[in-house]
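For reference, the structure is listed below as structure tokens.
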Amino acid sequence: MLAYSKANESTDENTYWIWRFMVDKQYQGKGYGRKTMEKVLELIKTFPHGKASSIQLSYEPENIVAKTLYASFGFKETGEIEDGELVARLTL
């Protein structure tokens, strides 16, 4: 799930959010997640809904596989927690 958020009273920047990124358990560990994330980032960088300065996502703190995958693309944790999940940001 992908969303686009325009600047508002709580943030001064436009940003894309990857709200959910899931790969069925039987397909995990086969490179599908990495390839799909590459394609998602390619799409976002075309700014299909408008310009933005970052991409954000969140994941459960114990999900080390997700954290490692996202970090390999340059996502850095912001220190924020949203609904119990760590928020990470990639500057565009």
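The values are calculated or read from the model by the stated rules, or taken from the named source; none is laboratory data. Computed from a prediction, not measured in an experiment: that's the story for all the values here. Every residue, glycine among them, receives a Cβ derived from its backbone with ideal geometry; neighbour counts consider all protein chains shown. Quick note on the areas: whole protein, heavy atoms, side chains included, nothing else; ligands and nucleic acids left out. Shrake-Rupley method; radii C 1.70, N 1.55, O 1.52, S 1.80 Å.
Arrange the residues I64, I55 by how much accessible surface each exposes, largest first, with a 1.4 angstrom probe.
Values: I64 100, I55 0 Å².
Reading off the accessible areas and sorting them downward yields I64, I55.
Looking only at the range 1-80, where both bridge partners belong to it, what percent of the DSSP beta bridges are antiparallel (to the nearest 5)? Show your work: numbers first, answer last.
Details: 5 of 9 bridges.
Beta bridges within the range 1-80, antiparallel portion: roughly 55 percent.
Efficiency by 1/(1 + (r/R0)^6): what FRET value for T78 and Y27, r their Cβ-Cβ distance, R0 = 22 Å, to the nearest 0.05?
Numbers: r = 29 Å, r/R0 = 1.32.
The computed FRET efficiency comes out at 0.15.
What does the charge add up to near L92, with Lys and Arg as +1, Asp and Glu as -1, over the other residues with Cβ less than 14 Å from its Cβ?
Local charge sum for L92: +2.
In µm²/s, what is D for the chain at 25 °C and 0.890 mPa s, where D = kT/(6 pi eta Rh) by Stokes-Einstein and Rh is the Kirkwood radius from Cα pairs?
In µm²/s, the coefficient is 178.
Using alpha carbons only, how many degrees (0 to 90, rounded to 10) separate the axis of helix 32-44 from the longest principal axis of the chain?
Tilt of helix 32-44: around 20 degrees.
Which of the trypsin sites (Lys or Arg not before Pro) found in the range 47-90 are loop residues per DSSP with 16 or fewer other Cβ atoms within 10 Å of their Cβ?
Numbers: sites: K51, K67, K76, R89; in loops: K51.
Passing sites in the range 47-90 are K51.
Ignoring ligands, DNA and RNA, how do S54, S72 rank by accessible area with a 1.4 Å probe, largest first?
Solvent-accessible surface, decreasing: S72, S54.
Rounded to the nearest 500, what is the 222 nm mean residue ellipticity of the chain from helices alone, with -39500 (n - 2.57) per DSSP H run of 4+ residues and division by all residues? Don't skip to the answer; put the middle values down first.
Values: 2 runs with 22 residues, N = 92.
Helix-only estimate at 222 nm: -7000 deg cm²/dmol.
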